[in-house]
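What follows is a short report on a single structure.
Rule-based calculations on the coordinates, nothing more; no lab input. Quick caveat: nothing in here was measured; it's all calculated off a predicted structure. Note that we place each Cβ from the backbone using ideal geometry, even for glycine, and neighbour counts take in every protein chain shown.
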Amino acid sequence: MSSQTITADTSGTGRLGDLPVHRLGFGAMRLTGSAAFHHGTPSDRDRSIAVLRKAVDLGVNHLDTAAFYFSALRSANELINSALAPYPDDLVIVTKVGPYRTWSGEWGTAARPEDLRGHVEENLRQLGRDHLDVVNLRRMPSYDSIADHFGALADLRAAGLIRHLGISNVEPRHLAEAQAIAPVVCVQNRYALDRPDPAGDELLRICGEQGIAFVPYYAVAGEGGEYGATAARQDKEVLAVARAHGATPAQVRTAWTLHQGPHVLAIPGTGNPEHLVQNVAAGALRLTDDELTRLNGLRRPAG
């Protein structure tokens, strides 16, 4: 499919609370380099800034980031600030808290509820904002309940530091737990075509019924690294659909994600300007009912 003039508005419009966004957004994690969570070669700064500016030029108005997205020399939040401030009026920046990394990049213990104000303030400082549009609480393995952590963020929302709240890496019970404390505008979970997840399917359904945005991450994994197997396993059905549309397998996976419901928002990330154009163009890819049936057949139980 030709991607030269395709912009993010072709993906349609969704909402994060009262904030309208194009359904094809951008995840900032890879801007810092292939070793964003490890010691390794950082990204090229000018190229990363160019990718961000190109994304906005292509109509992307939903950015997903975090203060813990950094490598040896690059911080995703700082890159966003440098590239885009003063920010366009329609740009929605979503960040997340919960995980903790030391200045040297090592993972620390999961944040305690009383730590979250400092994490929110660090995101504010790095982004140069006086409030955050949306903050997701990412549930860590040590959080059986998220009530105390989500309650701490609800207090910061009441204080005006946060506009809307979301949750990430959760089960349906955590959504109900959070909603008893404050409104939830989005759920961000790992969700992919060839990664069956009954809890994810249930959350997808619940969010659709309640008008909550469902935002999959790792819907299209990059080559190499922990999540490379997803993209490397280019099933014959994915390849067949891609060929029929003159598209790439990654574009088909993104399109399938968006076809899961009008409340689904996609946030593919890249540090490559060419891949960015392809990612945005995937928002215009319309799959037929037959193609969706064939692709849905890939969602077989693990093992």
Review point. Please state the equivalent ellipsoid semi-axes for segment 49-204: what are the square roots of 5 times the Cα gyration tensor eigenvalues, largest first, in whole Å?
Key: 25, 19, 17
Check your understanding: Taking a ≥ b ≥ c as the square roots of the eigenvalues of the Cα gyration tensor of segment 1-120, is the shape rounded (a/c under 1.5), prolate (a/b larger than b/c) or oblate?
Key -> oblate
Check your understanding: Which whole-Hz couplings ³J(HN,Hα) result when phi for each residue of segment 266-272 is put into the Karplus expression 6.51 cos²θ - 1.76 cosθ + 1.60, θ = phi - 60°, listed in order with x for Gly and Pro?
Key -> 9, 10, x, x, 6, x, 10
Point to revise | Residues whose placed amide H lies under 5 Å from that of residue 164, excluding near-sequence neighbours | key: 134, 135
Review point. Using a basic spin-label model with each label point 7 Å from the Cα along Cα→Cβ, how many nm lie between residue 85 and residue 274?
Key: 3.4
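Take every Cα pair under 8 Å in segment 93-156 that's 6+ residues apart, average their separations, divide by the length, and report that relative contact order as a whole percent.
Numbers: 67 pairs, mean separation 27.7, N = 64.
That works out to 43 percent.
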Revision key, fill the gap. Distribution output for segment 51-129: share of Cα-Cα pairs per 5 Å bin in percent, first bin at 0, values 3, 14, 25, 24, 16, 10, 6, 1
Review point. Expressed as a fraction of 2.2 N^0.38 Å, the rule-of-thumb size for a compact globular protein of N residues, what is the C-alpha radius of gyration of segment 147-300?
Key: 1.13
**Study point:** Karplus-derived HN-Hα couplings along segment 6-18 (A = 6.51, B = -1.76, C = 1.60, θ = phi - 60°), whole Hz, x at Gly and Pro
**Key:** 7, 10, 5, 5, 5, 7, x, 10, x, 9, 10, x, 9
Point to revise | Angstrom value of the Kirkwood radius, inverse mean 1/r, which spans all Cα pairs in the chain | key: 19.4
Review point. Summing +1 for each Lys or Arg and -1 for each Asp or Glu, what net charge is found among the other residues whose Cβ lies under 13 Å from the Cβ of residue 159?
Key: 0
Exercise for review: Provide the gained length on full extension for the span residue 144 to residue 131, in nm with one decimal, where the gain is 0.36 nm per separating residue minus the Cα-Cα distance.
Suggested key: 1.8 nm
Practice item. Determine the gain in length on full extension of the stretch residue 206-residue 236; use 0.36 nm per residue of separation and subtract their C-alpha separation, reporting nm with one decimal. Key: 7.7 nm
Review point. Using the Karplus equation 6.51 cos²θ - 1.76 cosθ + 1.60 (θ = phi - 60°), what ³J(HN,Hα) coupling, rounded to whole Hz, does each residue of segment 286-298 give in order, writing x for Gly and Pro?
Key: 10, 8, 7, 4, 5, 5, 5, 4, 5, 5, 4, x, 6
Review point. What number comes out for the charge environment of residue 202, summing +1 per Lys or Arg and -1 per Asp or Glu over other residues with Cβ under 13 Å away?
Key: -2
